[in-house]
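Below is one structure, written out as structure tokens, with a few remarks after it.
We did not get these values from a lab; they are worked out from the coordinates using the rules stated. Note that the structure is predicted; figures quoted are calculated from it, not measured. Here Cβ is always computed from backbone atoms with ideal geometry, including for glycine, and neighbour counts include all displayed protein chains.
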Amino acid sequence: MKKQTIIILVFAFFVSCNKIPNTPVCLYPTDGATNVIDKNIVLEWSATDPDNDILVYDLRFAEDTLNGILINEHTITQNYDKTTYVLTELKDTTNYIWSVKAIDPKGNSSMKMFSFKTGFIER
């Protein structure tokens, strides 16, 4: 009787799934704040990543007419590595919309929009 050798090959595949960043949270001014009277305001937010990746942020800003039309909508900054940003020269009694997009090194992202309304700003 002839001996047979059986060879078994085992392949292991490891797939690493990178999760999207958690949705940014508005810290200041609080979302929906009214009567903000600072001429210059510090936008502040926080965001975390379930994989503990370092995040960067894209910020957008616009005036809101409250009927769905945004005025002067523009990107403030991209690939920003801080969680505060100073806005200057705000207008009296104006509704503003701003958004933060948190982006991880793999390009995964999450975004959230916030709003506030100025009162009569101290000059």
Legend entry - Residue-count net charge about PRO29 - beta-carbon cut-off 9 Å; Lys, Arg +1, Asp, Glu -1: -3
Legend entry - Loop GluC sites (Glu not before Pro), the range 1-106 (other Cβ atoms within 10 Å of the site Cβ: 11 or fewer; DSSP): GLU89
Inset, instruction - Pull up the cross-link candidates among the aspartates and glutamates for LYS117, meaning alpha carbon to alpha carbon under 17 Å and not fewer than 8 places away within one chain. - result: ASP31, ASP38, GLU44, GLU63, ASP64, GLU73, GLU89, ASP92
Inset, instruction - Could you tally the net charge around SER46, taking each other residue with its Cβ under 12 Å from the Cβ of SER46, Lys/Arg +1 and Asp/Glu -1? - result: 0
Legend entry - Given 16 as the ceiling on other Cβ atoms within 10 Å, longest exposed-site-free region of the chain for chymotrypsin sites (Phe, Trp or Tyr not before Pro) in DSSP loops: 15-119
Inset, instruction - May I ask you to derive the FRET efficiency for THR5 and ASP51 from their Cβ-Cβ distance with R0 = 41 Å, giving the value to the nearest 0.05? - result: 0.40
Legend entry - Cα-based reach from LYS112 at 25 Å (exclusive), listing lysines while leaving out same-chain residues under 8 positions away: LYS19, LYS39, LYS82, LYS91, LYS101
Legend entry - Nearest-20 debye value, the range 21-83 charge dipole, Cβ charges on Lys, Arg, Asp, Glu: 220 debye
Inset, instruction - Summarise the long-distance tail of P(r) for the range 25-118 by giving the % of C-alpha pairs beyond 22 Å. - result: 26 percent
Inset, instruction - Name the long-range amide H neighbours of GLU73: under 5 Å, sequence gap of 5 or more, or other chain; modelled H, no Pro or chain starts. - result: GLU63
Legend entry - Label-to-label distance, nm, for residues given as THR93 and THR34 (7 Å Cα→Cβ offset): 1.3 nm
Inset, instruction - Select from ASN79, LEU43, ILE69 the residue farthest towards the positive end of the dipole of the range 39-123; place +1 on Cβ of Lys and Arg, -1 on Cβ of Asp and Glu, and compute about the Cα centre. - result: ILE69
Legend entry - Amide H contacts under 5 Å for GLY119, placed H, 5+ residues apart: ASN35, VAL36, ILE37, THR93
